Amino acid sequence: MKKLLPFTALLVTCFAGGAQAAPVVYTLDPAHTYPSFETSHQGISYWRGKFNKVSGKVWLDREKQTGRVDITIDMASVNFGFSAMDEHARGEDFFDVAKYPTAHYVSDSITFRSGSPASIDGKLTLHGVTRPVKLDILEFTCHMNPMFKREICGSDSRAEFDRRDFGIGKDVVDNKGKVRLEIQAEAMQGDAIPVPPPRAGMPPGAPPGAPPGAPPPR
């Protein structure tokens, strides 16, 4: 698969492949979809993290070159690789996950170029505020999954917005409120991600591509 934002792709994200006669639904693979971000910390360094739990679907009509995206991010799944920072980001000064447990991205339109989606105009609801956010699709590719005999697509997308527009600006210094999103996403054709047969070292129900010994999803 070619390396492809975004956001969430959901990322968080959109997908397409060969010609289809009717709209097709794709379900995000949570084991291979990670919206990552970076933003200034008090104007002196940059925080970089990702969200570990994302869900959603993409619908595409390849003949008409139209589609839509509906993605939800579990904000409590934020992961900086440092537990103290994760807890701080979940608190009232930032994401306030007790009050706003999810972020939601819904497309208004998808722009195609050369038969493939190239950008998404949509609205992001974050921290209780809804604003327009455009996703630029940098790369994307699709192929037939050999195990499930279904098309699987991947994308890499990018977006930028000012977190102060969403009421998350307590530590912003010198107008450094910009957030850069980089969203890697994969989605499989169908209304759900199928459960693969167990392999050596993997329990039944472990997500596709999980390392040996990984637990099944809860």
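Within the range 69-87, residues that are over 28 Å from VAL58 (Cβ atoms) sit with their Cβ atoms under 6 Å from residues that are among the β-branched types (Val, Ile, Thr), at 6+ positions apart or across chains, in these pairs: ASP86/VAL78. Scanning the range 1-52 for residues that are assigned to a strand (DSSP E or B), modelled with pLDDT under 55 and among the β-branched types (Val, Ile, Thr) returns THR8, VAL12. Only residues that are assigned to a loop (DSSP other than H, G, I, E, B) and either surrounded by 18 or more Cβ atoms within 10 Å (Cβ to Cβ) or not small (Gly, Ala, Ser) (or both) were counted in the range 147-179, giving 12. Please determine whether any residue of the range 132-146 is surrounded by fewer than 19 Cβ atoms within 10 Å (Cβ to Cβ) and not in a strand (DSSP E or B). Yes, there is a match, as at least one residue in the range 132-146 is surrounded by fewer than 19 Cβ atoms within 10 Å (Cβ to Cβ) and not in a strand (DSSP E or B). Screening the range 48-63 for residues that are crowded, with 19+ Cβ neighbours inside 10 Å and hydrophobic (A, V, I, L, M, F, W, C) and picking the one that is farthest from the chain's Cα centre (by Cα) gives LEU60. If the condition is being in a strand (DSSP E or B) and surrounded by fewer than 16 Cβ atoms within 10 Å (Cβ to Cβ), then the range 64-86 contributes only THR66. What do you reckon, is ARG90 at pLDDT 95 or above and over 16 Å from SER55 (Cβ atoms)? For ARG90, the condition - at pLDDT 95 or above and over 16 Å from SER55 (Cβ atoms) - is met.
The values are calculated or read from the model by the stated rules, or taken from the named source; none is laboratory data. No experiment lies behind these values; they were computed from the predicted model shown. Using ideal geometry, Cβ is built from the backbone for each residue, glycine included, and neighbour counts are taken over all protein chains shown.
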